[in-house]
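Report on the following structure.
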Amino acid sequence: MHPSIVSNIFSPSTFEEVQFFSGNNYFKGLDWYMSFFLTPPNRTQVYMFEKSATYFDNEAVPKRVQALLPKAKIITILLNPIRRAYSWYQHQRVHDDPIALNYTFTEVVMATESSPRTVRLLQQRCLNPGIYAQHLDRWLTYFPSSQLLIVDGEELRTDPVETMETVQRFLKARPYWPYKEHIRYDPKKGFYCQVINEDHTKCLGKSKGRNYPPIDSQVENYLSTYYRPFNVALSKLLTRLGLPQMNWLQEELARP
């Protein structure tokens with residue numbers, strides 16, 4: 001949307017994600033990676049970005065990114081980890097993952113050592129990324145806090161204009177882009193979309209913004225207890241960095 005911020009071109013195997021730093025693509029080299037970024041002509045200042053869901057919690061990624069792109073700016077979006085875990089499980093169901101299709105969310109997150117290995121692997125992918133402080137500390141080992149922006153995922157959903165204003169200030173992107181003129185809530189879609197003209201908006205595809213059945217209250221309470229020590233660690237990390245506490249984090253820590 002911002003005229004100076006350019007995303008990578010799609011990968012034939014991983015679609016909108018490049019997934020360079022987190023897997024075998026890394027060994028294809030920097031030229032292969034840079035082939036996904038096309039610099040627009042007649043631009044004096046361009047910010048190139050990519051996002052890959054496999055980066056945040058991968059132990060090897062921060063070191064690899066720092067080695068190749070030491071001045072990179074890192075943006076991470078943190079949702080309530082319970083919501084994130086459930087969203088990932090539902091994402092896998094939509095993509096016909098046989099484990100997600102044959103086991104309930106309850107069975108997955110409460111899997112034990114006696115559960116099938118495939119179920120425990122899905123459990124890890126649902127739960128481990130939500131241990132936010134551990135992963136953020138790893139990134140902060142390789143990048144100064146001035147190069148890391150932590151975005152509240154709930155605020156991004158409910159107030160994307162203010163969030164994007166924060167992002168462009170963090171990037172020091174030029175020219176200044178008036179997001180309030182380019183983002184509008186679409187009641188038919190149920191979330192904010194790009195304004196095309198006064199009467200029309202362009203929203204993300206059907207695969208985005210899905211509505212899922214509510215999480216079972218017992219499972220939600222179980223996960224709230226599971227994540228509590230990790231949420232306490234996140235709260236302490238945010239305090240150390242001089243950052244505000246996210247609303248969802250305060251609500252989770254206030255649970256009895």
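The values are calculated or read from the model by the stated rules, or taken from the named source; none is laboratory data. These figures come from a predicted structure and were not determined experimentally. Cβ placement follows ideal geometry from the backbone for every residue including glycine, while neighbour counts extend to all protein chains displayed. Heavy atoms of the whole protein, side chains included, go into the accessibility calculation; ligands, DNA and RNA do not. Shrake-Rupley method; radii C 1.70, N 1.55, O 1.52, S 1.80 Å.
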First in the range 224-238 and closer than 8 Å to Ala133 by Cβ, second anywhere and not in a helix (DSSP H, G or I), Cβ under 7 Å, 6 or more apart: Phe230/Ile131
Criterion: in contact (Cβ under 8 Å) with a residue 12 or more places away in the chain, touching a strand residue (DSSP E or B) at 6+ places or on another chain (Cβ under 9 Å) and under 21 Å from Arg157 (Cβ atoms) - qualifying residue of Ile77, Ile82: Ile77
Residue count, the range 167-181 (criterion: surrounded by 15 or more Cβ atoms within 10 Å (Cβ to Cβ) and not aliphatic (A, V, I, L, M)): 4
Extreme residue, most open to solvent (accessible area, probe 1.4 Å), among residues of the range 97-108 that are part of a helix (DSSP H, G or I) and more than 20 Å from Tyr226 (Cα to Cα): Asn102
Residue satisfying all of: in the range 170-215; of a type in the set (Val, Ile, Thr) and touching an Asp or Glu at 6+ places or on another chain (Cβ under 9 Å); modelled with the lowest pLDDT among these: Thr201
Strands (runs of 3 or more DSSP E) fully within the range 1-96 counting 1 or more residues that are at pLDDT below 95 and surrounded by 14 or more Cβ atoms within 10 Å (Cβ to Cβ): 5-7, 47-49
Among the candidates Leu148, Leu156, Leu122, residue that is open to solvent by 30 Å² or more (accessible area, probe 1.4 Å) and in contact (Cβ under 8 Å) with a residue 12 or more places away in the chain: Leu156
Failed item, numbered, when Ala111 is tested on (1) assigned to a helix (DSSP H, G or I); (2) buried (at least 18 other Cβ atoms within 10 Å of the Cβ): (1)
